[in-house]
Amino acid sequence: AFQDVHVMIFVGFGFLMTFLKRYGFGAVGFNFLLAAFGIQWALLMQGWFHSFKDGKILIGVENLINADFCVGSVCIAFGAILGKTSPIQLLVMTLFQVTLFSVNEYILLNLLHVKDAGGSMTIHTFGAYFGLTVTRILYRPNLEQSKDKQGSVYHSDLFAMIGTLYLWMYWPSFNSAISDHGDAQHRSAINTYCSLAACVLTTMAFSSMLQKKGKLDMVHIQNATLAGGVAVGTSAEMMLTPYGSLIVGSISGIVSTLGYVYFTPFLESRLHIQDTCGIHNLHAMPGLIGGIVGAITAAAATEDVYGKEGFIKAFDFTGVYQTRTPSIQGGFQAAGIVVSLLMAFAGGAIVGGILKLPIWGDAAAENCFEDGIYWEV
Amino acid sequence: AFQDVHVMIFVGFGFLMTFLKRYGFGAVGFNFLLAAFGIQWALLMQGWFHSFKDGKILIGVENLINADFCVGSVCIAFGAILGKTSPIQLLVMTLFQVTLFSVNEYILLNLLHVKDAGGSMTIHTFGAYFGLTVTRILYRPNLEQSKDKQGSVYHSDLFAMIGTLYLWMYWPSFNSAISDHGDAQHRSAINTYCSLAACVLTTMAFSSMLQKKGKLDMVHIQNATLAGGVAVGTSAEMMLTPYGSLIVGSISGIVSTLGYVYFTPFLESRLHIQDTCGIHNLHAMPGLIGGIVGAITAAAATEDVYGKEGFIKAFDFTGVYQTRTPSIQGGFQAAGIVVSLLMAFAGGAIVGGILKLPIWGDAAAENCFEDGIYWEV
Amino acid sequence: AFQDVHVMIFVGFGFLMTFLKRYGFGAVGFNFLLAAFGIQWALLMQGWFHSFKDGKILIGVENLINADFCVGSVCIAFGAILGKTSPIQLLVMTLFQVTLFSVNEYILLNLLHVKDAGGSMTIHTFGAYFGLTVTRILYRPNLEQSKDKQGSVYHSDLFAMIGTLYLWMYWPSFNSAISDHGDAQHRSAINTYCSLAACVLTTMAFSSMLQKKGKLDMVHIQNATLAGGVAVGTSAEMMLTPYGSLIVGSISGIVSTLGYVYFTPFLESRLHIQDTCGIHNLHAMPGLIGGIVGAITAAAATEDVYGKEGFIKAFDFTGVYQTRTPSIQGGFQAAGIVVSLLMAFAGGAIVGGILKLPIWGDAAAENCFEDGIYWEV
């Protein structure tokens, strides 16, 4: 499972963003840079929060997975500002975002005692709204000067499909990587698999329906097909059932495709949010769906369905939490969404402000989405 | 093993078919669509046949692997009609083929009690002859109008090599995924590995020998190198021995390469079978070889070689089958080949007839092998 | 772990070398050929040396991993002569190099009782200096006639990044694949992960610092980022500690990047060593670093750190070796480096001499780095 998550971060996210015709080096290279930096910093941060003993950080394979998860949220935010920032800005953003991620995760998992194995809230909702806030602060009014470079070419879209497929195939491992071994892990993989499969069908159908002449749009296939994995991130390890997963996956594919067609242009023209990869459609909205579905599934849990022991184990209703009822747990899950959103908006605003300082060497508007600025081409 | 098979279906088959210069989106995108649809339908079909209890389908990871296998046979058939059908036609074909696959598999594994862990008969022979029959029925006399688009360009061949290598590397997992844990699984992986390695050498040698000027042909390297995996699909878990595997792999590489050079043009000009990817060479003939080698290996089994317990376990000679002898088993294995062929021809003819109805919106002959018809390019 | 190593050999090394604009087929195709041939020969060679019983070779999954390792050293040597040799020459080189590799490995592991789980000495140092010696013997004075084809184009660099990322991601599996299960294997994976992560940062920093205008060079990112995995190959399973790994990884990234900028041109102009992929920077120097770090780490081992049992187990101080002390072990480790170098120089000189015979059909200098000579394009 660790290697699968590792592939998702470096090949999945890296190649997913190579769709831009002149920014393939930056997409895969800067993703490599920030992820390699981020996992080191995340190992330290999460070590201090979770596995610090006698002045030493204990590291095991689970810590490596958690570091990858943390970096996943940075990769998501990178999608919003792709092509518009310098590598130094990315490193600075990574430094702060990893820190905030760890704080947010600590609040959710340890203080609110929320379940979020696949990270709908901690990774996707937080990462996406953080990135969207940063790109809002860094708004570039003259970005249409590089509009001609913001498209794809035939082969760049095929490279991006490598990223899409690896994310899609390994998402069951992502959502189940840190679930309890045994039942919860199997449930998680199977629910995610069903949700993703359903999501592909609704994405294709709506992509075709929403275009003139019924043609498919590669942007939707590359991105919206993955929304099904995001939308079951919280609930996959719970008793969502395969049928429930199919429904959630179908809905998230529709929402995400609609987002690419209607929301992204609206966000850019009205709210001045320039979202290069459309992370609002792939991570933000499906992440919220995932958080809400998770809260409902938790609130609807009964001992009948999970079995007495399975019920306690599924939600860790032990120690100080042994009096928690499912409906209270559902309330805490909902609170987790709100906390993640607040952390994302506040953190994104501060970090965006820092990145706006004119000391980081970012490119002029006409040089955005252009590898030639930072790479020997 | 599940993730390996998953990668083979989505990345392996998807990218293997991107060799066409103007049909990369269709290859990888429609493969994605039909596979995502097919695994859902296959989960239901196989659930009804094999794991239906108290009105519910029980799903475990083995079911997901079986669904991937079933979809594998659809991906194979897709190779024959690649570039000539609409996405709607593909979905219709998937619907019927998954159903027929499940019936055929039920007859072979449950009624005939045949061993076929790597699916030489159920997946390759059935899938390939099904697809070849469909493409025969859908024969397009004016296809030479799009002949200029039926070739590859330099980078499309490299994308296809991604597919080839993933299929090649993970084939040992494919053939051993549903073998009994322990000895049979190890045997299966090692035999497949040996067969594939030998196959690469004979493919390269014959590709060079059969061309003028001794140059290698990328089509052979992309495809015929995989025939060794197909040809040991049935027998890999049996006592084929590494030397036996090397021989089978060598032969299948030669047969497959000869097929590309001589059979494919013959099939097209004389039998009106337009086989875009040459699945007759990669799946049909090696699948038959695999079925025959399996029948012989089963018939030649003795308690000396397997050990008394291993012998019974290898062929499941328990219950009503405890009086079966190896030679009788060999006969049933041979019957399995015949049943698979009959199912493929009959099923392919019916489904081909349905797909020929003028209601599915397929492209005109001059628009075949062209992404622009179904995709925003 | 076996599948991870397999992916590194075929996709990792294969695509890493596709950076040349007109030699992608040769890079990935010939790598496929020599690796498929090499693993069969290596299975036989290593079988005779290590698992020969009663006239039969016993094969298990560990043998397949060892065969992949052995072939890895051939892939490394292939990097030095990439684009300048015929497929027949490659097969001849593979035949001899696999044999010499097995002899060298036997001397190191069995006679000197050296630890080298990740192969810093046996795979990287031996493979790289072997390849460099061969390319020195095959020196082509008129190679600048094909200088225009020795560069990359935009998409060929992206294909190469696929190779880089798979090598980078799976390197922890490579270094830990044949370590003892349990502690040593975990240590190995985590140390390698830390070293690789640190290596990316120093590579990026120095790549930017050493170029005019501070631009990044794709050649460095594709190669030098991997030096961190090579440089902990021997010591990763020992108590190198994560901090030690970060330091080793940082240094190797710097050394490797400096090598690409200063050493490679020097080697070519003064020593007449034409090193197409720069394996001196990626494998030779980091391999030496790895051997030395391994010798030091072994010499510095104490029972305090490993625990009494862990200490004996880590270095296999049992049987005739039970009187070995860490400092003596360090001396033997150092001797292992020297033996590997001598084997590489002597073997490379002999094999280079054989390959220089005018009977293997190698291309003229103006046709180097050109697929059209050996492939239908």
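Among the criteria (1) buried (at least 24 other Cβ atoms within 10 Å of the Cβ); (2) within 9 Å of chain B (Cβ to nearest Cβ); (3) closer than 30 Å to A:Leu341 by Cα, the one A:Ile190 does not fulfil is (1). Scanning the range A:34-62 for residues that are in contact with a Leu (Cβ under 7 Å, 6 or more places away or on another chain), within 9 Å of chain C (Cβ to nearest Cβ) and farther than 19 Å from A:Tyr106 by Cα returns A:Ala36, A:Phe37.
Is it true that C:Ile178 is part of a helix (DSSP H, G or I) and either out of contact with any Lys or Arg (no Cβ under 8 Å at 6 or more places or on another chain) or closer than 30 Å to A:Tyr23 by Cα (or both)? Can you show your working first?
Numbers: part of a helix (DSSP H, G or I): no; either out of contact with any Lys or Arg (no Cβ under 8 Å at 6 or more places or on another chain) or closer than 30 Å to A:Tyr23 by Cα (or both): yes.
For C:Ile178, the condition - part of a helix (DSSP H, G or I) and either out of contact with any Lys or Arg (no Cβ under 8 Å at 6 or more places or on another chain) or closer than 30 Å to A:Tyr23 by Cα (or both) - is not met.
Flag: B:Thr276 matches the condition of being in a loop (DSSP other than H, G, I, E, B) and of a type outside the set (Lys, Arg). Considering B:Gly83, B:Gly79, B:Gly12, B:Gly55, the condition of being touching a residue at least 40 places away in the same chain (Cβ under 8 Å) and on the phi > 0 side of the Ramachandran plot is satisfied by B:Gly83 alone. The set of residues in the range C:17-55 being of a type in the set (S, T, N, Q), part of a helix (DSSP H, G or I) and over 19 Å from the mean Cα position of the chain (by Cα) consists of C:Gln40 alone. Scanning the range B:138-168 for residues that are in a helix (DSSP H, G or I) and in contact with a Lys or Arg (Cβ under 6 Å, 6 or more places away or on another chain) gives B:Lys149, B:Ser156.
For the range A:279-302, a residue qualifies if it is more than 18 Å from A:His124 (Cα to Cα) and either polar (S, T, N, Q) or not in a helix (DSSP H, G or I) (or both), and the qualifying residues are A:Thr297, A:Ala300, A:Ala301, A:Thr302.
Take the conditions closer than 23 Å to A:Val230 by Cβ and either at the interface with chain C (Cβ under 10 Å from one of its Cβ atoms) or open to solvent by 10 Å² or more (accessible area, probe 1.4 Å) (or both) and apply them to A:Ile9. Does it pass?
Numbers: closer than 23 Å to A:Val230 by Cβ: yes; either at the interface with chain C (Cβ under 10 Å from one of its Cβ atoms) or open to solvent by 10 Å² or more (accessible area, probe 1.4 Å) (or both): yes.
In short, yes.
The lone criterion from (1) touching a Gly at 6+ places or on another chain (Cβ under 8 Å); (2) among the polar types (S, T, N, Q); (3) open to solvent by 10 Å² or more (accessible area, probe 1.4 Å); (4) within 14 Å of chain A (Cβ to nearest Cβ) left unmet by C:Ser152 is number (1).
Any residue that is within 29 Å of B:Pro326 (Cα to Cα), over 20 Å from the mean Cα position of the chain (by Cα), surrounded by fewer than 18 Cβ atoms within 10 Å (Cβ to Cβ) and in contact (Cβ under 8 Å) with a residue 40 or more places away in the chain - is there at least one of those in the range B:127-147?
Taking the range B:127-147 and keeping what is within 29 Å of B:Pro326 (Cα to Cα), we get B:127-129.
The next check asks that each one be over 20 Å from the mean Cα position of the chain (by Cα); those that pass are none.
The answer is no; no qualifying residue exists.
Just so you know, in the range A:297-333 the residues that are open to solvent by 40 Å² or more (accessible area, probe 1.4 Å) and aliphatic (A, V, I, L, M) include one that is nearest to the chain's Cα centre (by Cα), and it is A:Ala299. Could you look through the range C:211-250, keep only residues that are more than 11 Å from chain A (Cβ to nearest Cβ), part of a helix (DSSP H, G or I) and of a type in the set (A, V, I, L, M, F, W, C), and pick out the one that is nearest to A:Ile88 (Cα to Cα)? The selected residue is C:Ala224. Of all the residues in the range C:340-377, those that are without any contact (Cβ under 8 Å) to a residue 12 or more places away in the chain, open to solvent by 50 Å² or more (accessible area, probe 1.4 Å) and part of a loop (DSSP other than H, G, I, E, B) number 4. Being closer than 19 Å to B:Ser195 by Cβ, β-branched (Val, Ile, Thr) and open to solvent by 20 Å² or more (accessible area, probe 1.4 Å) is the filter here, so list the residues in the range C:38-93 that pass it. Within the range C:38-93, C:Ile57, C:Ile59, C:Val61 qualify. Out of A:Val255, A:Val248, one residue alone is more than 22 Å from A:Gly214 (Cα to Cα), touching a helix residue (DSSP H, G or I) at 6+ places or on another chain (Cβ under 6 Å) and either among the aliphatic types (A, V, I, L, M) or open to solvent by less than 60 Å² (accessible area, probe 1.4 Å) (or both). It is A:Val248.
For the range C:267-296, the set of residues classified as in contact with a helix residue (DSSP H, G or I) (Cβ under 9 Å, 6 or more places away or on another chain), among the polar types (S, T, N, Q) and over 23 Å from C:Thr225 (Cβ atoms) consists of C:Gln274 only. Of the residues that make up the range B:104-121, is at least one open to solvent by 40 Å² or more (accessible area, probe 1.4 Å), polar (S, T, N, Q), out of contact with any His (no Cβ under 9 Å at 6 or more places or on another chain) and at pLDDT below 95? No, that holds for no residue.
The values are calculated or read from the model by the stated rules, or taken from the named source; none is laboratory data. Values in this document were obtained by computation on a predicted structure and should not be read as measured data. Note that each Cβ is placed from the backbone with ideal geometry, even for glycine, and that neighbours are counted across all protein chains shown. Remember, those area values only see protein heavy atoms, side chains included, never the ligands or the DNA or RNA. Shrake-Rupley method; radii C 1.70, N 1.55, O 1.52, S 1.80 Å.
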